[in-house]
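Novice: Here it is, the structure in full.
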Amino acid sequence: GIYIPESILEKFGDDKTEEFINDDELEKLKESQNTSKYVNPKRIKELKELKSKKFDFSRLIAVLKEINICSKNNLKFAIPPLVRSIIDQVPPIFGKQNFSEISGNYGTRSFRESMKILDDASRKIADSYLHTHIRISESSLPNETQIDFKNSLDVLLQEIVNIIKKEV
């Protein structure tokens with residue numbers, strides 16, 4: 001149907017939702033309506049505007065957009081493998097062969113530590129999603145907290161923008 005933003009509806013009256021939907025139903029509704037962006041659209045825009053003679057960012061940008069689509073639609077199993085594909089994709093931008101070289105030998109100590117967390121956590125979680133056999137029973141599925149690599153991913157993307165802007 002038609003979607004009217006909450007900010008517009010607030011101008012016309014009070015929110016009566018909880019009077020018609022119980023707490024459990026409301027929580028499920030809120031969980032299914034994740035509107036936050038995993039990758040900040042401003043960062044994607046910065047990457048789109050980059051001009052480089054060495055690198056084509058179209059695949060990186062496409063993966064970032066897919067991550068946002070997954071986030072919006074609560075596709076929690078898809079995000080870690082996509083993040084992993086990014087960390088496998090970007091080492092040449094840093095003049096490195098693999099991401100471990102970035103997290104061990106590039107930039108400031110803070111940057112390296114952030115990249116080590118991104119590398120270790122996203123790889124392990126993605127691997128667990130990709131390589132775990134089916135079980136008799138799943139007692140718990142992934143949630144937003146488990147797949148949250150947003151901060152470190154943004155630090156990585158910011159550094160990519162900085163590197164390419166220095167090329168010019």
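The values are calculated or read from the model by the stated rules, or taken from the named source; none is laboratory data. Remember, it's a predicted structure, so these values are computed and weren't measured experimentally. Note that we place each Cβ from the backbone using ideal geometry, even for glycine, and neighbour counts take in every protein chain shown. Heads up: the accessible areas ignore ligands, DNA and RNA and are worked out on the full protein's heavy atoms, side chains in. Shrake-Rupley method; radii C 1.70, N 1.55, O 1.52, S 1.80 Å.
Novice: Of SER140, SER122, PHE111, whose Cα points farthest to the positive end of the dipole of the chain (charges on the beta-carbon: +1 Lys, Arg; -1 Asp, Glu; origin at the Cα centre)?
Specialist: PHE111
Novice: Helix-only mean residue ellipticity at 222 nm, the chain, DSSP H runs n ≥ 4 weighted -39,500 (n - 2.57), per residue, nearest 500. What is it?
Specialist: Helices in the chain give a 222 nm mean residue ellipticity of -18500 deg cm²/dmol.
Novice: Distance check, please: which entries in LYS37/LYS150; LYS124/LYS150; LYS11/LYS45; LYS72/LYS165; LYS65/LYS150; LYS48/LYS116 exceed 20 angstrom between their Cα atoms?
Specialist: On the way: LYS37/LYS150 9 Å; LYS124/LYS150 16 Å; LYS11/LYS45 32 Å; LYS72/LYS165 30 Å; LYS65/LYS150 13 Å; LYS48/LYS116 26 Å.
Cα-Cα > 20 Å for LYS11/LYS45; LYS72/LYS165; LYS48/LYS116; rest within.
Novice: Now, a different point. Treating the angle as unsigned and between 0 and 90°, give the value, to the nearest 10°, between the Cα long axis of helix 79-89 and the longest Cα principal axis of the chain.
Specialist: Relative to the chain, helix 79-89 is tipped by roughly 20 degrees.
Novice: Another question about this same structure. Against the longest alpha carbon principal axis of the chain, how many degrees, from 0 to 90 and to the nearest 10, is the axis of helix 58-72 turned?
Specialist: It works out to around 20 degrees.
Novice: Of PRO80, ILE93, VAL63, which is farthest towards the positive pole of the chain's charge dipole, taken about the Cα centre with +1 and -1 on the beta-carbons of Lys, Arg and Asp, Glu respectively?
Specialist: Farthest towards the positive end: ILE93.
Novice: If you fit an axis through the alpha-carbon atoms of helix 150-167 and take the longest principal axis of the Cα set of the chain, what angle between them do you get, 0 to 90°, nearest 10?
Specialist: 40 degrees
Novice: Something else about it: Among 52-63, 152-163, 127-138, what's the highest-first ranking by average C-beta atoms within 10 angstrom per residue? All intermediate terms of the calculation are to be shown ahead of the outcome.
Specialist: Numbers: 52-63: 13.0, 152-163: 18.4, 127-138: 8.5.
My ranking of the peptides, most packed first, is 152-163, 52-63, 127-138.
Novice: Using alpha-carbon positions, what is the distance between the centroids of region 101-165 and region 41-79, in Å?
Specialist: 15 Å
Novice: Within the set of other residues whose C-beta is less than 12 Å from the C-beta of ASP148, count the net charge using Lys and Arg as +1 and Asp and Glu as -1. Before the final figure, lay out each step's value.
Specialist: Values: positive: LYS76, LYS150; negative: GLU144, ASP154.
Neighbour charge sum, excluding ASP148 itself: 0.
Novice: Accessible area per residue of the chain at 1.4 Å probe, in Å²?
Specialist: Details: 11740 Å² over 168 residues.
Roughly 70 Å² per residue, with all protein chains present.
Novice: Taking the Cα centre of the chain as origin and charging only Cβ (+1 Lys, Arg; -1 Asp, Glu), how large is the dipole, in debye to the nearest 20?
Specialist: Working: 27 positive and 27 negative charges, 270 e Å.
The calculation lands at about 1300 debye.
Novice: Can you pull the percent of the chain's accessible area that's carbon plus sulfur, 1.4 Å probe, other chains left in place? Write down the numbers at each step before the final one.
Specialist: Numbers: 5960 of 11740 Å².
In the chain, the share of accessible area belonging to carbon and sulfur is 51 percent.
Novice: Between LYS116 and LYS166, what length in nm is gained on full extension when 0.36 nm per residue of separation is reduced by their alpha carbon distance?
Specialist: Details: separation 50, 0.36 × 50 = 18.00 nm, distance 2.40 nm.
Length difference between fully extended and current span is 15.6 nm.
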